[in-house]
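Chemist: Okay, handing you the structure first.
The values are calculated or read from the model by the stated rules, or taken from the named source; none is laboratory data. The model shown is predicted, which means the values in this text are computed figures rather than measured ones. Cβ placement follows ideal geometry from the backbone for every residue including glycine, while neighbour counts extend to all protein chains displayed. Ligands, DNA and RNA are excluded from the accessible area calculation, which covers all protein heavy atoms including side chains. Shrake-Rupley method; radii C 1.70, N 1.55, O 1.52, S 1.80 Å.
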Amino acid sequence: ELVRLVIEHGGVYFLDKDKRGDFKTCEDLQYLAAMQHPVGGKNDIPNRLKRNFFIFNLVLPSITSINDIYGQMLVGRFTPNDFDDATLDVVGKLTESTIRLWRSMKSKMLPTPAKFHYVYNMRDLSRIFQGILFTPKESIIEGGLRAKEGKLDNFSPPNMMLGLWRHECDRVFCDKLTTARDKEGYDGLISEIGQDVFADAYDTACSSPKYMVSF
């Protein structure tokens, strides 16, 4: 209501004892505001305040557009000159699997007043693909330090790519979850999607976690 008062009447009243009742005028101001849809613990604002704004409702791009955006980035990064066909086959399925997981998290891990940060948007997708795209090619082809030491089970470039994808999804989605029950639900979701998209290759590649670090 205070915001509405400033916008509609051009100022506010003083509450100090010596100035109570005096009106302070605010001139030459323009007001720009943004908010998310009032769901999952986020409150709405009064219609009397909304009427003072020209409202734009920005929606997410279509799934096809999202797939094209990140798919083209992966195609440009992972080329046939550097990777074999099996690895490129995994790369070609990363966008589908990531978008499916993202949509499942959005629909099943809903925000509440106690879990208000359970919000999943395009930024989360970008962080996953950023981690994949910024990973040195040598780490995927050669397996990094643990592969050289013979401590990486079932190593192959396709398995490394799948393990990298699982690692990035864990860091973006799973690390946001606050309860063991939610983490178990996430593990079930990503395993179901991984097995559906990548078949048996997922179980082989993700039988043990792969931790990707930059030091």
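Chemist: For the range 72-79, does any single residue satisfy the condition of being more than 21 Å from the chain's Cα centre (by Cα), assigned to a loop (DSSP other than H, G, I, E, B), modelled with pLDDT of 90 or more and of a type outside the set (F, W, Y)?
Modeler: yes
Chemist: Further question: Whether any residue in the range 105-122 is within 22 Å of Y202 (Cβ to Cβ) and in contact with a Lys or Arg (Cβ under 6 Å, 6 or more places away or on another chain) is what I want to check.
Modeler: yes
Chemist: Just to be sure I understand the filter: pairs with C-beta atoms under 6 Å, separated by 6 or more residues or on different chains, first member in the range 81-98 and modelled with pLDDT of 90 or more, second member open to solvent by 10 Å² or more (accessible area, probe 1.4 Å) and aromatic (F, W, Y). Which pairs pass?
Modeler: So the pair list comes out as T95/Y70.
Chemist: Scan the range 21-42 for residues that are more than 20 Å from F56 (Cβ to Cβ), modelled with pLDDT of 80 or more and either in a helix (DSSP H, G or I) or not hydrophobic (A, V, I, L, M, F, W, C) (or both) and jot them down.
Modeler: Passing the criteria: D22, K24, T25, E27, D28.
Chemist: Considering only the range 123-136, I want to know if a residue exists there that is surrounded by 20 or more Cβ atoms within 10 Å (Cβ to Cβ), more than 18 Å from the chain's Cα centre (by Cα) and under 27 Å from R77 (Cα atoms).
Modeler: No, the range 123-136 has no match at all.
Chemist: Anything in the range 137-189 that is more than 23 Å from A86 (Cβ to Cβ), assigned to a loop (DSSP other than H, G, I, E, B) and either charged (D, E, K, R) or open to solvent by 30 Å² or more (accessible area, probe 1.4 Å) (or both)? List them, or say none.
Modeler: Those that are more than 23 Å from A86 (Cβ to Cβ), assigned to a loop (DSSP other than H, G, I, E, B) and either charged (D, E, K, R) or open to solvent by 30 Å² or more (accessible area, probe 1.4 Å) (or both): E149, T178, T179.
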